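Worksheet: one structure, shown below.
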Amino acid sequence: MGIPVNEKVSVSTGDAPEKKPKTRFRSFQLGIWEVVLPVSPGWDLGLVTLPTASELLDYLSIYGLLFRLFGDIYALAPRQFVLFTIFEFAQSFEGSINLYLNSQILDAISSHLKGEAVVRSLIVRSLASRVLLALMLGWLRKNCERDNQVLKDRVKFFFMEKSMHTLLTLDPTTAEDPDVKSKMGNASFQYDNEVWSSFEAIIRMATALLKSFSQIALAFALIRQHASAPVFFALCVLQPLLGIFGYDELWGKTHIIFCINKAYERLAALHGFAYSDRYRVDRLSDGVAEFIEREFKKSREELGDVSTEDANREWSNRQSFVVGSFYGLMNDFPMIYFALRILFSPKGITFSSLAISQEAASSIQWTIYMLTYDSKSLARQLSSVKNVYARFEIQNKMKDGVLTYPRVLDESVKESTGMELEFRNVSFKYPGTTKPVLEDLSFKIKPGQMVVIVGVNGSGKSSTIKLFNRLYDPTEGEILVDGLPLTAYKLKDVRRAMAILRQDHDSYPLSLRLNVALGAPEREMPSDEEIQEALKAGGADTFVEKLPKKADTVLDPVKLSSVYFEGEALEEMNTMVEEREKITDVSGGESQRLAAARVFMRLNSGGIRFLAADEPTSALDPEGEFALFSRLRQERGGKTVVFITHRFGHLTKYADLILVMKDGRLVESGNHIELVEKDGEYKRLHDVQAQAFLPTTDS
Ligand SMILES: Nc1ncnc2c1ncn2[C@@H]1O[C@H](COP(=O)(O)OP(=O)(O)OP(=O)(O)O)[C@@H](O)[C@H]1O
């Protein structure tokens, strides 16, 4: 292991230096790359790093998890679990049985070569046993396949469902916590089965160990009469053992590789620009293509003959040829030893002892390699299992209330008049930020009122709406709903009584029908008529009608196809994939109409006492905007309604209350007439809009 040139050692400060132990890094230059590696507190042996005491303790706690893991998997499919484990362990004896049978055949061949009598039945029995064993294991393997698949899928979906449940119930503050984020990880639907991979790796390691030990034990039993056997074994394991100390590859280590050659970076960027579909139109305009070619040539010249070999290979190239040759020669030590024995002391060496020793020794070599390679990945996989289980323990930071909502204490009051909402000196900062986005906000919205919140960009309007349904809790102050603290109610109940059309709405990667049906998630699938009604109310019916699959269109289908193209069928196959996985583009306005349809579905499902619409018309044409506002206003009956809009001309004249926000504060409140008379922020915003419609005085 050579010490790299240009090595620098640095210490990371991290985000919270007082909490995390500081990591030391070493960095050095390899060709056009800078490689940064953490300096491990353990003893770095090249291929493996011996763990520190605290890491050892950590491993022990991880191994405690195995009982839970095995218990859970057993409970999911007891029969399949038992079959899988028995089969895997049974396979580990295959090697030793074969070794034993081989030794019998080799002994017979050896006797034959020495001109001694051969026991034919022994050879036949050994050969037949080998064939029988291969057939039996093949048959078992085939029959276990289905059971293994069942076990694997049950494990996959069990942990997937549990992880999804955690994810779906996280409040935004908890979800944004870096620790929670790292526990949740990035899941891929098709390939993510980390728990199964870990389980398989554990079993694989255990069976490999068993296999090697049984082979070694048998080999010793078979050749123990030869004094040379222990020396021979020692030579066989020398190579892999020394390999642990001397093997020095970059890929097995934690590292970052940065490119530090500006010309190479520019070449990569220009190449990306030339190949990306995204810039096709730009490339064709204004002579951009020639510019790219010219710059590419210039950067190529600037790069010169500097090696652009990847960093992993550059790393390996550093090893001296003497060390490399020595490791190569170590592979042949056993053979060299036998050759020398034949030259100087041939007594006791037989043909079969040589072959059996060689076979057992290669098994030891393989086990050592496997243990060194797999132990690292096993530790990683076990810590990912630990992560999976830690996910299920994540507690939401936001505490749920206990009161049901609505509080129908008086049975005579059946009809809802809407929700009463009061902010008392509310201030709010987003988690992880220092600047309050809302400051000392106090207002009261009476049941059934129609309220419009106005203010310039960034004044805090959307943040206020996020506090209404407890996406976040205020950092200071209190919000009351129907006279009681919002935090006292069951979150689910309060959210169920609200319909919110958010500004940053999105279309879901599901069919348009489901996009709308999700407005009323408690219900069974709504009928076609109900979906149509909601689409119509949201103004989305016309564009949905024009789509070939109408409400069954999936805007952005999940890509599960995998294709390998070769030869003439290429074009047709391309078309087949495109047809199946075609993305249906909708405009911003159409997507907004779809979100509105979802909210109408929610309103139609009943029980809604509060409706908020945060700039629901920003992408709509004026006609669409007017129609949507009119339909939303019609929904007022029995509800408190809050609108946020920059184009408030349609609305403020109907509003019972207008809240004017600026820099996170409430600067004015009242109705349209009162606020115009006040001649303040509202009047200013109002006049800017009115100005656009006045005749221009320019000549
Ligand atoms: N998730 C977030 N994390 C941190 N800061 C945020 C977050 N969302 C909004 N902000 C900040 O909070 C402030 C108020 O934003 P908010 O969206 O509430 O304003 P707004 O009045 O609705 O603006 P607009 O009219 O542009 O929609 C802004 O400075 C914004 O950058």
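Between Arg283 and Val456, the FRET efficiency estimated from the beta carbon spacing at R0 = 60 angstrom works out to 0.95. Measuring max minus min along each principal axis, the C-alpha atoms of segment 118-210 give extents of 80, 25, 15 Å (largest first).
If you plug the beta carbon distance of Asp552 and Asp585 into 1/(1 + (r/R0)^6) with R0 = 22 Å, you get a FRET efficiency near 0.85. Compared with the direct C-alpha span, the chain from Glu176 to Phe291 gains 37.1 nm at full extension, assuming 0.36 nm per residue.
Calculated FRET efficiency, Phe25 to Ser121, Cβ-Cβ distance, R0 = 60 Å: about 0.30 to the nearest 0.05.
Separation of the alpha carbons by more than 28 angstrom is noted, of Lys446/Lys466; Lys152/Lys582; Lys466/Lys582; Lys181/Lys662, for Lys152/Lys582; Lys466/Lys582; Lys181/Lys662. A simple count of charges around Lys262, restricted to other residues whose Cβ falls under 14 Å of its Cβ and scoring Lys, Arg +1 and Asp, Glu -1, yields -2.
Using a cut-off of 19 Å between Cα atoms, the listed pairs Lys653/Lys678; Lys142/Lys211; Lys399/Lys492 include Lys142/Lys211 as exceeding that distance. For the pair Glu578 and Asn425 in one chain, pulling the backbone fully straight at 0.36 nm per residue adds 49.6 nm over the alpha carbon distance.
Judged by the ratio a/c of the largest to the smallest principal axis of the C-alpha gyration tensor, segment 60-104 counts as oblate, that ratio being 1.5 or greater while a/b is no larger than b/c. Scoring 174-184, 654-664 by mean Cβ neighbours within 10 Å over their residues and listing the highest first yields 654-664, 174-184. State, to one decimal in nm, how far the label point of Arg495 lies from the label point of Ser618, with both points 7 Å from Cα in the Cβ direction. Taking the simple label geometry, Arg495 and Ser618 are separated by 2.3 nm. Within a straight-line Cα-Cα reach of under 13 Å, Lys490 can be paired with the following aspartates and glutamates, leaving aside sequence neighbours fewer than 8 residues apart in one chain: Asp400. Along the Cα-to-Cβ line of Asp687, 7 Å from the Cα, sits a label point; which residues in segment 645-676 have backbone N less than 14 Å from it? Counting only backbone N, you get 676.
Bear in mind these aren't lab numbers, they're just calculated from the coordinates by the rules spelled out. Nothing here was measured: the structure is a model prediction, and the numbers come from that model. Virtual Cβ from ideal backbone geometry, glycine too; neighbours counted across all protein chains shown.
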